[in-house]
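S.K.: Encoded as structure tokens, here's the structure I'll be asking about.
The values are calculated or read from the model by the stated rules, or taken from the named source; none is laboratory data. None of these values were measured; they are calculated from a predicted model. Reconstructed Cβ throughout: ideal geometry from the backbone, glycine too, with neighbour counts over all protein chains shown.
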Amino acid sequence: MRTLGFVLSIIIGFTFFALFLQGFQSPPPVAVVAGVITFIAGLLMFMPSKKKPVKKANVKQAPKQKKRVPMPDDDELVCDGITRGELRRIVKDGREQVKRIEDIGLKVMKHDVRINILEICTTANDIFDDFVKDPKDIKIARRFILYYLDTTERIVAKYYQLSKSPYLSDDAKNTLNNVESTLVMIKDTFRKQLKKLTENDVLDLDAEVKVLKNTIKQEGI
């Protein structure tokens, strides 16, 4: 390709040289200059240019969501009707929800309301700790998981949004006051739920102690 371009450039240059010399009756120096210029122009036109590699734009890919890798013991039953995988999911999702409530609560300006929200979160985390230690308590606290925690998150989120408004009507102020008293009730309900689970553990322990005593008496140890 380069050789062909060089030859074509010579032909074009010589043609213009002859045209200027004989056709236009130009002086030889002018004809030579015309021939050289067209020769150079032919080289630039026919010789292949080196193309710079086009850099690919850096396209940021959206981070891939991590898929939960099943654990080998996910199908193992930890209590009647609940597998270890379900237990992990319930505790993980629950603690994440409690964290969301806590994050909102920390932004609330009113001190006593903020304290009540954080105390609710502390008790809720204690309940999930109890689930890990005693999975059968999940069935007892099913309503806590499905209703109370979801409702609490919605109430706290809406309270925070409304409390940020610089101008509130009397109705809005009454609603905020109502929410504040409701948060106290929620806190007490969560504590009662935890107490119930703890008492259930105490009853289980008491029953085991009685069985052990009776066994010892029967075996005469």
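S.K.: Could you tell me which numbered condition Val132 fails, if it satisfies all but one of (1) under 30 Å from Lys164 (Cβ atoms); (2) surrounded by fewer than 18 Cβ atoms within 10 Å (Cβ to Cβ); (3) of a type in the set (A, V, I, L, M); (4) touching a residue at least 40 places away in the same chain (Cβ under 8 Å)?
M.R.: For Val132, the exception is condition (1).
S.K.: Provide a single number: the residues in the range 147-177 that are touching a residue at least 40 places away in the same chain (Cβ under 8 Å) and in contact with a Phe, Trp or Tyr (Cβ under 8 Å, 6 or more places away or on another chain).
M.R.: Selection size over the range 147-177: 1.
S.K.: Of the conditions (1) in the same structural domain as Leu183 (by TED's automatic domain parsing); (2) among the polar types (S, T, N, Q); (3) at pLDDT below 95, Gln65 satisfies every one except a single condition; which number is it?
M.R.: Of (1) in the same structural domain as Leu183 (by TED's automatic domain parsing); (2) among the polar types (S, T, N, Q); (3) at pLDDT below 95, only one is false for Gln65: (1).
S.K.: While we're here: Looking only at the range 127-145, count how many residues are part of a helix (DSSP H, G or I) and within 15 Å of Ile186 (Cβ to Cβ).
M.R.: First pass over the range 127-145, keeping only residues part of a helix (DSSP H, G or I): 127-133, 137-140, 142-145.
Remaining after also requiring within 15 Å of Ile186 (Cβ to Cβ): 127, 143-145.
The number of residues fulfilling the criteria is 4.
S.K.: Is one or more of the residues making up the range 81-88 surrounded by fewer than 12 Cβ atoms within 10 Å (Cβ to Cβ) and at pLDDT below 95? Step through it out loud before you land on a result.
M.R.: First, the residues of the range 81-88 that are surrounded by fewer than 12 Cβ atoms within 10 Å (Cβ to Cβ): 81.
Going one step further and asking which of them are at pLDDT below 95, we end up with 81.
Within the range 81-88, one or more residues are surrounded by fewer than 12 Cβ atoms within 10 Å (Cβ to Cβ) and at pLDDT below 95.
S.K.: Let me ask something else about it. Just wondering, is there one or more residues in the range 83-90 that are under 13 Å from Phe190 (Cβ atoms) and among the β-branched types (Val, Ile, Thr)? Break it down into steps so the answer makes sense when it comes.
M.R.: Taking the range 83-90 first, the residues under 13 Å from Phe190 (Cβ atoms) are none.
Checked against the condition, which is being under 13 Å from Phe190 (Cβ atoms) and among the β-branched types (Val, Ile, Thr), the range 83-90 yields no hits at all.
S.K.: Within the range 97-110, can one find any residue that is over 22 Å from the mean Cα position of the chain (by Cα), in a helix (DSSP H, G or I) and surrounded by 19 or more Cβ atoms within 10 Å (Cβ to Cβ)? Before you say what the answer is, go through the steps one by one.
M.R.: Here is the first cut: in the range 97-110, the ones over 22 Å from the mean Cα position of the chain (by Cα) are 108-110.
Filter again for in a helix (DSSP H, G or I), leaving none.
No; the residues of the range 97-110 include none that is over 22 Å from the mean Cα position of the chain (by Cα), in a helix (DSSP H, G or I) and surrounded by 19 or more Cβ atoms within 10 Å (Cβ to Cβ).
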